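Undergrad: Can you keep this structure in mind? I'll have questions shortly.
The values are calculated or read from the model by the stated rules, or taken from the named source; none is laboratory data. Quick caveat, the model's predicted, so the values are computed rather than measured. Heads up, the Cβs are rebuilt from the backbone with ideal geometry, glycines too, and the neighbour counts pull from every protein chain shown. Heads up: the accessible areas ignore ligands, DNA and RNA and are worked out on the full protein's heavy atoms, side chains in. Shrake-Rupley method; radii C 1.70, N 1.55, O 1.52, S 1.80 Å.
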Amino acid sequence: MQLKRKSYNPTESLLGASPPLASPSSRVIGDGEFSEESSVGWFRRSNSAKFASSFSGGFDLTSVKSSETMGFHQVKKPVVAQPKEEKSGASAVVEPQVNKGLSSSSGAKPSKEKTTKAERRALQEAQRAAKAAAKAMTVSEGVSTSKPVKQQPAQKKDAPPPASSIAASDRKGGERSMEKERRKDIPAPRMQFDDRSRVEKAKKRAVVNQSEARNRVELFRHLPQYEHGTQLPDLESKFFQLDPMHPAVYKVGLQYLAGDISGGNARCIAMLQAFQEVIKDYSTPPEKSLTRDLTAKISSFVSFFIECRPFSMSMGNAIRFLKSRIAKLPLTVSESEAKASLCADIDRFINEKIVLADNVIIRHAVTKITDGDVLLTYGSSCVVEMILLYAHELGKRFHVVIVDSHPKLEGQGLLRRLVGKGLRCTYTHINAVSYIMHDVTRVFLGSSSVLSNGTVYSRVGTACVAMVAHAFHVPVLICCEAYKFHERVLLDSICSNELGDPDAISKVPGRMDINFLDDLTNKDNLQLLNLMYDATPSEYVSMIITDYGMIPPTSVPVIVREYGREHLWIQ
């Protein structure tokens, strides 16, 4: 339908429509420009010009300037609002509406409003359906291409990882390093000698050929039980065949095997001095690092020492100290400087943790000795011997009772040395300890190790003497260096112990005519047991004298915890 120029009346065509639903803030401004204060600028100057040019002759707005004309809003509403809702194909929708608005009568608006709502509703439903279809398509594509999607992060090498993954990896790395440190702190489990497969593997690697005892005690089958007397000649014959074995290590191993070196301090000092000679003669092989290669050599020498005689707990602490020093060597230090540093560390360990520690213990223990005391000791302890000699040099008058036991009879050597220095002594065996305990005022005992639960691990018979003294209300004083403290816990003498030569208890030293058990040792129904150590419970110990002071047994875990390995050993 075409509009004629002369028949066009803006008032009739625009104002003849039904009352508009426009906002009161919409109005017409001077130059024919529409203003929509409450909306987002629907109609600007350029739009109004385009709207005016769509008519052939244009129209005059002067007649509607004085009052608000609602018809313009009626025309403006379909023209501008439709492109807002329908971005695609807006011209196709707007143009017919304009023609309808201009040519239709007043009753055309309800049908136009219904059509608009239906179109909008259909458009919204179509958009929702399109979104749902697109979402379903992306989900199906993600499921079908799940493997390539997982591989994409690996292909982007330059892209930085997300912060959450970095935090998680750092947390896992920290937990992993803490777990590794905890594992380092845990002592290595001892080999159970009732496991035949492990024993056979150990025999193949062993340097010392040892034959198992035939009549083994069933309760102690987890401990090594060998026939003594054949290892030393076999090892001596291999002296020139052991190429990687250092002569100093070989010498100390032979002394361990023959029993020439006894006592915890003496064995530890001999081992550290042998390692010192090894370090002095060591040279790093090509394409190897000093830290790893030297640690491996020390471990092989330790295995050789253990084959000769099982280690004490204090020797294990000394080995851990040496390995920690080797591991902490800086990579930039030269080989000569590293060797000099390790030798100096070994010297300081011997001087500070053994020699000076004994001097401190002596000065603490002498304060517990008064004139007229009767002091009882068991076996032969080097630190107890030094305490008694130092108290005698100070002019204190006391009496010493030496209790001894078969088969080693170490107390006899202590008796000779004390009597040679002018001390008054009494010598007896352990079977008479309950008779002589009536006159004793204090008991001084040595120790191979003190465990974290206060248990004293010492020569077999120590627990018997401590229990008898406790029954007679006699104080028991344990003299032990701090480097012998250990974090392990023992409740009995069965799980961890050392078995000596079983033939030693079947013979009487110095009496060759007494041979009643010579023919019985090979009998299948006879089992000989020679234990080397026992465990004394903490309730039978009154005080532990150490280089950190005099402490009760309940304070042992405090020292182990507070000082630790890095504080307990030399810094």
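Undergrad: Within the bounds of the range 514-531, is there any residue that is surrounded by 15 or more Cβ atoms within 10 Å (Cβ to Cβ) and under 17 Å from Gly461 (Cα atoms)?
TA: Within the range 514-531, one or more residues are surrounded by 15 or more Cβ atoms within 10 Å (Cβ to Cβ) and under 17 Å from Gly461 (Cα atoms).
Undergrad: Just checking, does the range 435-452 include any residue being closer than 24 Å to Gly500 by Cβ, modelled with pLDDT of 95 or more and surrounded by fewer than 21 Cβ atoms within 10 Å (Cβ to Cβ)?
TA: no
Undergrad: Only one of (1) in contact with a helix residue (DSSP H, G or I) (Cβ under 7 Å, 6 or more places away or on another chain); (2) not in a helix (DSSP H, G or I) is not met by Val468, so which one is it?
TA: (2)
Undergrad: For the range 348-434, please list each of the strands (runs of 3 or more DSSP E) lying entirely inside it that holds at least 1 residues being open to solvent by 50 Å² or more (accessible area, probe 1.4 Å), of a type in the set (Lys, Arg) and over 27 Å from Asp534 (Cβ atoms).
TA: Because the criterion is at least 1 residues that are open to solvent by 50 Å² or more (accessible area, probe 1.4 Å), of a type in the set (Lys, Arg) and over 27 Å from Asp534 (Cβ atoms), the strands (runs of 3 or more DSSP E) in the range 348-434 that meet it are 424-429.
Undergrad: When Lys353 is evaluated against the numbered criteria (1) within 26 Å of the chain's Cα centre (by Cα); (2) under 23 Å from Cys479 (Cβ atoms), which criterion, by number, is the only one it fails?
TA: Failed condition: (1).
Undergrad: Mind listing just one residue for me: the one in the range 472-493 that is open to solvent by 30 Å² or more (accessible area, probe 1.4 Å) and under 23 Å from the mean Cα position of the chain (by Cα) and, of those, nearest to Ser434 (Cα to Cα)?
TA: First, pick out the residues of the range 472-493 that are open to solvent by 30 Å² or more (accessible area, probe 1.4 Å): 472-473, 475, 487-489, 491-492.
Now drop any that are not under 23 Å from the mean Cα position of the chain (by Cα), which leaves 487-489.
On the way: Glu487: 33, Arg488: 32, Val489: 29 Å.
Step by step, filter the range 472-493, then rank; the result is Val489.
Undergrad: What number of residues in the range 481-505 are over 14 Å from Ala535 (Cβ atoms) and part of a loop (DSSP other than H, G, I, E, B)?
TA: 4
Undergrad: In the range 438-455, is there at least one residue being polar (S, T, N, Q) and more than 24 Å from Pro553 (Cβ to Cβ)?
TA: Initially, the range 438-455 is screened for residues polar (S, T, N, Q), giving 441, 447-449, 452-453, 455.
Filter again for more than 24 Å from Pro553 (Cβ to Cβ), leaving none.
No, that holds for no residue.
Undergrad: Would you please name the residue that is farthest from the chain's Cα centre (by Cα), looking only at residues in the range 290-299 that are closer than 17 Å to Thr332 by Cα and free of Cβ contacts under 8 Å to residues at least 24 places away in the same chain? Write out each step before concluding.
TA: Going through the range 290-299, the residues closer than 17 Å to Thr332 by Cα turn out to be 290-294.
From what's left, free of Cβ contacts under 8 Å to residues at least 24 places away in the same chain: 292-293.
On the way: Arg292: 21, Asp293: 25 Å.
The extreme case among them is Asp293.
Undergrad: List pairs: first in the range 434-454 and more than 17 Å from Thr546 (Cα to Cα) and of a type in the set (S, T, N, Q), second at pLDDT 95 or above and part of a helix (DSSP H, G or I), Cβ under 9 Å, 6+ apart or cross-chain?
TA: From residues that are more than 17 Å from Thr546 (Cα to Cα) and of a type in the set (S, T, N, Q), the pairs are Ser434/Val468; Ser434/Ala471.
Undergrad: Residues that are open to solvent by 50 Å² or more (accessible area, probe 1.4 Å), of a type outside the set (D, E, K, R) and at pLDDT below 90: find the helices (runs of 4 or more DSSP H) completely inside the range 258-339 holding 2 or more of those.
TA: Working: elements: 264-280, 290-308, 313-327.
In the range 258-339, 290-308 are the helices (runs of 4 or more DSSP H) which contain 2 or more residues that are open to solvent by 50 Å² or more (accessible area, probe 1.4 Å), of a type outside the set (D, E, K, R) and at pLDDT below 90.
Undergrad: Of the residues in the range 455-471, how many are open to solvent by less than 20 Å² (accessible area, probe 1.4 Å) and closer than 17 Å to Asn497 by Cα? Spell out the reasoning first.
TA: Kept after step one, since they are open to solvent by less than 20 Å² (accessible area, probe 1.4 Å), are these residues of the range 455-471: 455-458, 461-463, 465-466, 469.
From what's left, closer than 17 Å to Asn497 by Cα: 455-458, 461-463.
Residues meeting the conditions: 7.
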